[in-house]
Structure formats: structure tokens, C-alpha cells
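One structure is given here, and the rest of the page talks about it.
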């Protein structure tokens with residue numbers, strides 16, 4: 001009898017640990033094309049000034065990754081798209097911004113954001 005009882009407890013604990021609770025937070029999927037092309041988006045290239053000067057997306061401002069924490073207050077209340085060369089620095093900037101309450105989106109690379117802008121321009125013609 002004791003063995004059956006302990007077996008039931010062990011089985012119940014396995015079943016309960018295998019169950020996942022429903023995630024009650026809603027995840028909103030945002031189309032980055034819509035954000036990049038919205039008139040209220042602030043596009044931020046987080047690369048160093050020398051890289052930014054070599055080419056970037058249209059209307060992008062340069063705030064290097066190291067300067068992002070110093071610009072949090074100025075970015076609050078804005079819809080921000082961050083990008084860099086390959087997305088690594090953009091991911092870091094995104095994390096900093098979101099942790100500080102900034103509505104931020106990952107544009108990945110400046111070439112990606114520029115291509116989205118050019119795609120939008122081509123469809124308007």
C-alpha cells in the first residue's frame with residue numbers, strides 16, 4: 001500500500017512538472033516594414049560615427065551603442081527602430097531600451113532598413 005501511494009505521488013509530480021502553465025502575457029507581432037515606414041518612427045543607427053558616415057538608412061540618426069544609456073530619457077515616448085551592421089549591436093541596444101521603457105524595434109542591419117525604405121518608395125511610384 002505504501003509503495004502504491006509513493007508511486008502515485010511520484011507519478012503526479014512528473015505529470016505536474018511536465019505541464020506548462022499558459023502564458024498570460026500577450027505578444028504583439030509587429031511588422032518591421034510598417035514601423036520603419038511610419039512617419040513617427042525614429043531610426044537609430046547604433047554603429048560608431050565612422051561607420052555611420054560610410055552609409056546608413058534614410059533619415060537615420062547616429063547614437064552609438066555606448067551612448068544609448070545616456071539617451072534613454074530623450075527616446076522615451078518615441079517609437080524607435082535600432083540597427084547596426086549585422087544586428088549584434090542592435091540587439092544590445094534593443095535590450096537596453098526595452099528595459100528602460102522605450103518602445104523599440106529591431107531593424108537588424110542598416111542595409112535591411114534601407115531596403116525596406118526603398119521597397120516602400122518603389123511601391124508608391
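The values are calculated or read from the model by the stated rules, or taken from the named source; none is laboratory data. Treat the numbers as computed from the prediction; the structure is a model and nothing was measured. Cβ coordinates were reconstructed from backbone atoms using ideal geometry, including for glycine residues, and neighbour counts include every protein chain displayed.
Would a scan of the stretch 19-29 turn up a residue that is within 16 Å of the chain's Cα centre (by Cα) and either within 21 Å of residue 117 (Cα to Cα) or at pLDDT 95 or above (or both)? Before the answer, list the steps.
Within the stretch 19-29, the subset within 16 Å of the chain's Cα centre (by Cα) is 26-29.
Subset that is either within 21 Å of residue 117 (Cα to Cα) or at pLDDT 95 or above (or both): 29.
Checked the stretch 19-29: at least one residue is within 16 Å of the chain's Cα centre (by Cα) and either within 21 Å of residue 117 (Cα to Cα) or at pLDDT 95 or above (or both).
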Kindly indicate which of 59, 70 is part of a helix (DSSP H, G or I) and at pLDDT 95 or above. 70
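For (1) out of contact with any helix residue (DSSP H, G or I) (no Cβ under 9 Å at 6 or more places or on another chain); (2) under 14 Å from residue 55 (Cβ atoms); (3) at pLDDT 95 or above, each residue gets a yes or a no:
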| position | (1), (2), (3) |
| --- | --- |
| 78 | yes, no, yes |
| 81 | no, no, yes |
| 90 | no, no, yes |
| 95 | yes, no, yes |
| 100 | no, no, yes |
| 103 | no, no, yes |
| 113 | no, yes, yes |
| 121 | yes, no, no |
| 124 | yes, no, no |
How many residues does the stretch 45-81 hold that are without any contact (Cβ under 8 Å) to a residue 40 or more places away in the chain, under 20 Å from residue 99 (Cα atoms) and touching a strand residue (DSSP E or B) at 6+ places or on another chain (Cβ under 9 Å)? 10
Of the residues in the stretch 93-125, those that are closer than 21 Å to residue 75 by Cα and out of contact with any strand residue (DSSP E or B) (no Cβ under 7 Å at 6 or more places or on another chain) number 5
Matching residues in the stretch 78-96 - criterion: being buried (at least 24 other Cβ atoms within 10 Å of the Cβ) and farther than 14 Å from residue 59 by Cα: 84, 90, 93
